[in-house]
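The values are calculated or read from the model by the stated rules, or taken from the named source; none is laboratory data. Remember, it's a predicted structure, so these values are computed and weren't measured experimentally. Cβ placement follows ideal geometry from the backbone for every residue including glycine, while neighbour counts extend to all protein chains displayed.
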Amino acid sequence: MLPPKESGFAATSGTLAGCGAFAMATGLLISEVNMNVVARYGISNVTFTTMAEKTLGAAAASAATFLYIFHNYALLVAYVARAGQILATAGNMAPLAGSAMFALGFGGICYATTPRQFDRVNSVLLGMAAAAFVALLAVAGTHLDLPVLARAEWSAVPPTIPIIALAFVYHNIVPVVVHNLECDAAKVRTSIVLGVLIPAAMYLVWDGVILGSLDNLAASAAAEVVAKMTASAATTATATVDATTAAAAAVIRDADDALSAAAAATATAAEASADVATGAESGTLTSAAELTATLDPLVLLQRAGGPVVAPLVEVFSFLAIATSFTGFVLAAVDFLPDAFKPLSAVPRSGRYALVVLPPILLSTASPGIFFAALDIAGTYGVMTLYGMMPAAMAWASRYGGDVSSPGRAVSALALASTTAAGEISSPAGAEEDNSSSVRCRVSDRGVSGDAARVVELVPGGPAVVLLTGVAAAAVIVSQWVL
């Protein structure tokens, strides 16, 4: 088996930039589809399933529902698994107890607080996470080696794309953003662009500091291992001297006692020598290169950064997971009644149980599921639900007119080379919300009562929409090949 490759900062930063641009484009496509559905059908609050139904048909709406639930639960399982592991280790408890404490605790916060109270709690958690982030940057920055940032191993990039793309997922809240900003295209565009650029900048800074410090962190950790081996060797030498001394003293007292003492002391020395040999020849990593190839950068940071860094890493990881977990819980609780109408009659507490309890059981059944769940969610959740589908919906919304068949998206994308961009009037007989008595129009200033027209938040025409969908499909195919 080949050792794992380090992609390097140059390659990783390029991948981050590409994934950020992809996330920005798909988020803007979802926004424009949302606003166009509002304008055409007069529906005041459009969900992802509604967008798929109005643009791609009933079958696509069912597919969107399945993909949304699949993606959401995969991430919830990943979050509960990792956070539960952190709590279990810190509190010396069973994994099930740690997972249950995390999921029920933060799920309970979502359930028991009002939106305003939740925003306050979330702001505190985000502030603590930001403080931990800055502290970790300060520690890791002391090991930074600028020439290392020029490294690039592009062959190591493809397997990382799903996880990096997953880091930019915000698409499930886009309908809420559009609704809260009253379909103001300029405000929505600004919100999406800044919402991607800010975390992208944080990712790049973190990536540069960690990968730029990797060699020095590994060298420090290797030096620590060598120091421990040297101490073990000294212990061996001391044990040998003690064996000789004990034997000599025992000869004076009694020959039989001498043999026993020498045998016991020699066994102790042999055991210590064996420990050193095992560490040097078969188990212990003594070189910086071996440590770099084998250990996670955060592990290296924990080993080289002193006693404060290890708990700081765990605190930051826990807070980052907690803030993500609560957002996905709230989104899932709101989505279930829309996707499954019978659940509208289920009490709110019952819907929370449906969202929170399954991840506890799944994460406990497979404790190592964290990275596997992230990989699955990134490959199939992000690239299909938030990659291929936004492109197909935008194509149908811009160029496909009304949708009456499930295969509309496929046929629309297939006609990309022959279809021209243009404005589309609202179809006759369009559905209207009972609360709206006028037809809506989306403009750069919002929704008004005029003839509906198509809003395009992503420039570039058909080529950009098609390229976005093809890029998502290519990532999925690449993961199959790899």
Problem - Condition check for residue 125: farther than 30 Å from residue 49 by Cα and assigned to a helix (DSSP H, G or I) - result: yes
Practice task
For the range 79-86, indicate whether the set of residues that are more than 20 Å from the chain's Cα centre (by Cα) and part of a helix (DSSP H, G or I) is non-empty.
Solution key: no
Problem - Selected residue (criterion: surrounded by the most Cβ atoms within 10 Å (Cβ to Cβ)) from residues of the range 173-196 that are polar (S, T, N, Q) and modelled with pLDDT of 90 or more - result: 191
Handout entry: The listed residue being under 20 Å from residue 169 (Cα atoms), surrounded by fewer than 23 Cβ atoms within 10 Å (Cβ to Cβ) and at pLDDT below 95, out of 57, 14, 8, 42
Key = 14
Handout entry: Filter pass, residue 148 being modelled with pLDDT under 90, at negative phi and part of a loop (DSSP other than H, G, I, E, B)
Key = no
Problem - Unique residue being modelled with pLDDT of 85 or more, of a type in the set (Val, Ile, Thr) and farther than 22 Å from residue 61 by Cα when the list is 360, 369 - result: 360
Exercise for the section: Find all pairs meeting these conditions: Cβ atoms under 8 angstrom apart; at least six residues apart or on different chains; first residue within the range 113-138 and within 16 Å of residue 321 (Cβ to Cβ); second residue modelled with pLDDT of 90 or more and hydroxyl-bearing (Ser, Thr, Tyr). Expected result: 121/113; 122/323; 122/326; 125/323; 126/323; 129/323
Exercise for the section: Considering each of 330, 361, 343 in turn, give the residue that is in a helix (DSSP H, G or I), within 21 Å of the chain's Cα centre (by Cα) and surrounded by fewer than 17 Cβ atoms within 10 Å (Cβ to Cβ). Expected result: 361
Practice task
Go through the residues of the range 72-95 one by one and say whether even a single one is touching a helix residue (DSSP H, G or I) at 6+ places or on another chain (Cβ under 9 Å), over 27 Å from residue 376 (Cα atoms), among the β-branched types (Val, Ile, Thr) and crowded, with 18+ Cβ neighbours inside 10 Å.
Solution key: no
Completion exercise
The lone condition residue 29 fails out of (1) at pLDDT 85 or above; (2) buried (at least 24 other Cβ atoms within 10 Å of the Cβ); (3) closer than 23 Å to residue 341 by Cα; (4) not polar (S, T, N, Q) is (3)
